[in-house]
Amino acid sequence: MQPKNRGGRAAAAALLLLAFGGALPRAAHSQVPTTPAPAAPQTGVRVDTVLVRGNLRLTEAQVRGAGGIHSGSYITPTQVPAAINRLMNTGQFETVDVLFRPAAADRGAIILQVRERPILGDVTFQGLKSVSGGTVRDSAKLKAGEPLNPQRVRDAEKLVRDLLAKKGVQLTSIDTTLRPMPNPAQGVRLTFNVREGGRLAIADVDFRGNRAFGDDKLEGAMDTKEEGFFWFRGGRFDREVFNADLRENLPSYYAKHGYIDFAVVRDTLEVDPSTGKARLVIEVNEGPQYRLGELTVVGNARFPTDDLRRLLTTQRRSVLGLPFGGTDTQETGEVFDRAALDAAVRQAQQLYRNEGYLYAQVEPVVERVPAQPGRAPTVNVTMAVSERSPFYIRNITIAGNTTTHESVIRDRLWLVPGDVYNEERVLQSYQSINGLGFFESPMPTPDINPDPETGQVDLVFHVKEKQTGNLNFGTVFGGGYGGNSGRVAGFIGYQQPNLFGQGKQAALRAEYGYGRSTFEASYTDPALAGTRNSGSFSVYRRGDRYVRFGNGRRLVTGGSVNFGIPVPGAARTRAFLGYSLSNTSYTASDNEECGGENQSIFCLEDALASRLSLSLTRDTKNHPLFPTQGVRESISLEQTGGPLGGTGNYQKVQGEAEWWAPVAAIGGGPRPIRMALGVRANAGTIFGEVGPFPFERFYIGGVQTSQPLQLRGYQEFSIGPRGYDVNCRSRFLQGCLGDSFLTMSGELAVRVSDILSVHAFSDAGNVYDDVSQFDPTRLFRSAGVGGTLVTPFLGAIGVDAAYGFDRAQPGWQVHFRLGNQF
């Protein structure tokens, strides 16, 4: 509120001016003068009292305290603007005036004349339909109970415009009104009045000035698309996306084809208000097309020049756009590819970081050589390298592990103090720790703290513990073995993969019900007595269900023990020695006739298996369920019976190999969506007298068997040495089993997160009577898609839909599974 007595205000200001000897500017107002005030006398004038005028909500003491001018103090001209700024910075006032009422030549009263901002009681939006009013209010920080800030009102209006534009909605008008709340003490209600226009859709994109590429190709390089026939081509206009097209996508497309001088001259958006349809007109200047001239590398000592040159001259391309499937060499005279140069620079920098050169810089210098008669314009490229000195790991710290012992985490590291810093191994360590499954995911990115003075770097891996043990149970009412129904069956189990925080694993599981009684208990210690040696043991009583066969039961009772040691000189490689002793009994169903050539396996006599196993495993996968890189290779040898006693005398040999390679990453940050390609092969064979243990022989199909024998797209247990035979599912005969097998699988996986993965795959496999009939060209094939989700209680569950090409009637098969196929 302005003072009523304007003449009195002017007189008071004049007196203040005279009191300061003309040193104080005339206007002591919230609009601080832009020109500095002349120097004031050192003593200034004495303030007898400080009066406050115009305050309604705030007390006089609050206003005086915010202004910082006190009775009995001396005030100079430079202190007046400072007092005004302090009052305005509180956000409580619209205007502030500082007036002086003299009582004598060198003293008087200071008057703080203020006008308070109204309190914001409520914020409403009228006519805003396409954007959430609450989002606008919160983003602009318009909070009830605080003084109304005009700048925040303007921010809210701009936010409405931007959000509507992003959604492709036209804004016809926007204004605001202020009305008192029903209870005046609550302040005022701020209302945004919005008039939305029609949704803006791109009906046509027209390029002008383009000669090298047609409109279709250029539009294909953009994220902004004109509307099409299908629902996913709605033609929605997003100003931010369109700006990115002009700044990044179009220049990158042209630069990839040698047009590095390309520029967007202007763009025009022509809108038909009656239909909301728009036409984009983009005028471009392509410039000349450059070809590759000389390529030199300077400043490099750690890597040979030829190796760095090959990063640019050798480009891997394929029809799928993947980094495999074809190799082209870019030679002098070919069209210059700026994208390839940028990729080569990134690869070179990664090479240096993987060798400890944290501060190494690789700068591409592109020199344009104008066209000459009979010669196209070229570019000479120089990769200027500044290596500096390599860094070494000084300390590696684990932070946040409140339950898991540090030794468990350090065992997953791919580098140790004293090693040369390697960025790739830092990432492998991060992924390996995350793959333990003991911590919340995604984990924070590790801290990398280099010390340039010492040439050393400290690493800090941050983790946050999560609950790891899980109890699961379930019951089923109805059904039963042998046609009986009305029975109750179920299971209960407990798994703890991080017992005592030491990475020890314990599991208990019991199943019960008619025709079924199973109990299993196991314990694994990855570091016996604190060493790098591992050990495990298990006891079990397994009454296998064979209701799908309808002709018998098998009961296996026994236990096993297994020891593992690291192989010296071979990273991530362990050798295992194990022994198991078990008794197997068979019970044929009442309608089963034992005897004859095709008698059921459930007619066999009881058998005692005394088994010794030796295996060698190398595992460098970066995640146990969802790997994106690494290998797992394993070979195992088993001897059952013979010199070990018991029944039978046979040997089993099995091998597996699994390879993963990253393909692409979608998005940024520490946990982007990752694509990976995986290939797996499994083979095995049996020699000797295996008759008493038919279940040690091989049969494939479905996903309910052990992993090496899985073949999606076919029914469970449907493939034996006689080929695809659905009768093996209903009557489990000796002729359905073979002594050799081969399965292979390829998968393109999309790791959406650490708990979700989707994939496309192709499987192939077969079973043979014996190793002499082994034929890798005679395989049953399938292909399909699926996904896996990690749940808190059941672990990994998945579903696959696969098409079996070599069934009697080719078709689809849906599989539900626990655990990951790979």
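Determine whether E638 is within 30 Å of T584 (Cβ to Cβ), in contact with a Leu (Cβ under 9 Å, 6 or more places away or on another chain) and without any contact (Cβ under 8 Å) to a residue 60 or more places away in the chain.
The answer is yes for E638.
Looking for whichever is within 39 Å of the chain's Cα centre (by Cα) and of a type in the set (A, V, I, L, M) here; the options are V188, V205. Which one fits?
Only one candidate passes the filter, namely V205.
Looking at the range 404-428 only, could you name the residues that are among the polar types (S, T, N, Q) and modelled with pLDDT under 90?
Selection gives Q428 alone.
Taking the range 168-190, which residues are buried (at least 17 other Cβ atoms within 10 Å of the Cβ) and at negative phi?
Hits for the range 168-190 are V169, Q170, L171, I174, V188, R189, L190.
State all residues of the range 117-133 that are under 21 Å from N55 (Cα atoms), open to solvent by less than 40 Å² (accessible area, probe 1.4 Å) and not in a strand (DSSP E or B); if no residue qualifies, say none.
Selection gives R117 alone.
Identify, please: which residue in the range 421-453 is hydroxyl-bearing (S, T, Y) and buried (at least 19 other Cβ atoms within 10 Å of the Cβ) and is, among those, farthest from E465 (Cα to Cα)?
Per the criteria, the residue is Y421.
Would you check which residues across the range 511-525 are surrounded by fewer than 17 Cβ atoms within 10 Å (Cβ to Cβ) and modelled with pLDDT of 90 or more and list them?
Result: F519, E520, A521, Y523.
From the list A103, A165, A144, A109, pick out the single residue that is in a helix (DSSP H, G or I) and not acidic (D, E).
Answer to the check: A165.
Does R26 fit the bill of being among the basic types (K, R), part of a helix (DSSP H, G or I) and at pLDDT below 50?
No; evaluated as a whole, the condition is false for this residue.
Pairs please, first residue from the range 166-194 and more than 17 Å from P150 (Cβ to Cβ), second anywhere and of a type in the set (F, W, Y) and surrounded by 13 or more Cβ atoms within 10 Å (Cβ to Cβ), Cβ atoms under 7 Å, 6+ apart in sequence or on different chains.
G168/F237; V194/F125
With respect to Q62, is the statement that it is crowded, with 18+ Cβ neighbours inside 10 Å, more than 30 Å from R195 (Cβ to Cβ) and not charged (D, E, K, R) true?
The answer is no for Q62.
So, of the residues in the range 83-95 that are touching a residue at least 12 places away in the same chain (Cβ under 8 Å), open to solvent by 30 Å² or more (accessible area, probe 1.4 Å) and of a type outside the set (D, E, K, R), which turns out to be farthest from G44 (Cα to Cα)?
My answer is Q92.
Could you identify the single residue in V345, V381, V385, V369 that is farther than 19 Å from K256 by Cβ, open to solvent by less than 70 Å² (accessible area, probe 1.4 Å) and either modelled with pLDDT under 90 or touching a helix residue (DSSP H, G or I) at 6+ places or on another chain (Cβ under 9 Å) (or both)?
The unique qualifying residue is V385.
Is it true that L742 is surrounded by fewer than 19 Cβ atoms within 10 Å (Cβ to Cβ), hydrophobic (A, V, I, L, M, F, W, C) and modelled with pLDDT of 90 or more?
No, not satisfied.
Could you say which residue among V114, V80, V98 is closer than 21 Å to A61 by Cβ, touching a helix residue (DSSP H, G or I) at 6+ places or on another chain (Cβ under 9 Å) and either assigned to a helix (DSSP H, G or I) or open to solvent by 70 Å² or more (accessible area, probe 1.4 Å) (or both)?
None of the other options fit; the residue is V80.
Counting only residues that are over 14 Å from L358 (Cβ atoms) and part of a strand (DSSP E or B), which one in the range 444-473 is farthest from the chain's Cα centre (by Cα)?
F473
At positive phi, modelled with pLDDT of 85 or more and assigned to a strand (DSSP E or B), is that true of G678?
Considered against the rule, which asks whether it is at positive phi, modelled with pLDDT of 85 or more and assigned to a strand (DSSP E or B), G678 comes out as no.
Going by the structure shown, is T468 open to solvent by less than 60 Å² (accessible area, probe 1.4 Å) and of a type outside the set (D, E, K, R)?
Considered against the rule, which asks whether it is open to solvent by less than 60 Å² (accessible area, probe 1.4 Å) and of a type outside the set (D, E, K, R), T468 comes out as yes.
The values are calculated or read from the model by the stated rules, or taken from the named source; none is laboratory data. Note that the structure is predicted; figures quoted are calculated from it, not measured. Reconstructed Cβ throughout: ideal geometry from the backbone, glycine too, with neighbour counts over all protein chains shown. In case anyone asks, the SASA skips ligands and DNA or RNA and just uses the protein heavy atoms, side chains included. Shrake-Rupley method; radii C 1.70, N 1.55, O 1.52, S 1.80 Å.
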